[in-house]
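Below is one structure, written out as structure tokens; the observations come after it.
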Amino acid sequence: MKKLLLIATIGIAGCLSANDSVNKCNKEKMKEKEENIVTKKEAIQQYCQEYVMVVWCDKSKNAVDTVCYELGNEQSRDEAYECMRHNGRLFNIYNCGSASYGLTSSIY
């Protein structure tokens with residue numbers, strides 16, 4: 001009986017030790033992954049640009065907005081510029097009822 005108890009104790013201690021070393025290994029891998037993510041985030045540089053939207057039907061009304069995009073990424077820059085144009089159209093539609101002088105894209 002004592003031998004069985006001794007073998008069971010050694011077996012349990014061995015299992016606990018193995019689990020502890022596996023957990024340490026997983027924690028080290030997680031730290032490495034977090035460091036890689038932080039490094040990648042730092043590598044991406046953004047450029048932010050402020051612009052003014054002027055209402056065509058009342059030059060005294062305007063709004064300032066900001067867009068940001070990744071430096072060196074042409075697709076990101078094109079998306080930001082398209083956002084600028086879209087926001088300008090919406091701002092004019094909201095204030096004047098249409099996006100341009102020609103009264104196209106009327107909301108009425």
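No value in this document is a laboratory result; all are computed from the given coordinates. Everything quoted here is computed from the prediction, not taken from an experiment. In this analysis, Cβ positions are derived from the backbone assuming ideal geometry, glycine residues included, and neighbour counts consider all displayed protein chains.
Going by C-beta contacts inside 10 Å, put Cys57, Cys83, Cys96 in order with the fewest on the left.
In order of increasing Cβ crowding within 10 Å: Cys57, Cys83, Cys96.
Project the alpha carbons of the stretch 45-96 onto their principal axes and report the range along each, largest first, in whole Å.
Rounded to whole Å, the extents work out to 37, 15, 11 Å.
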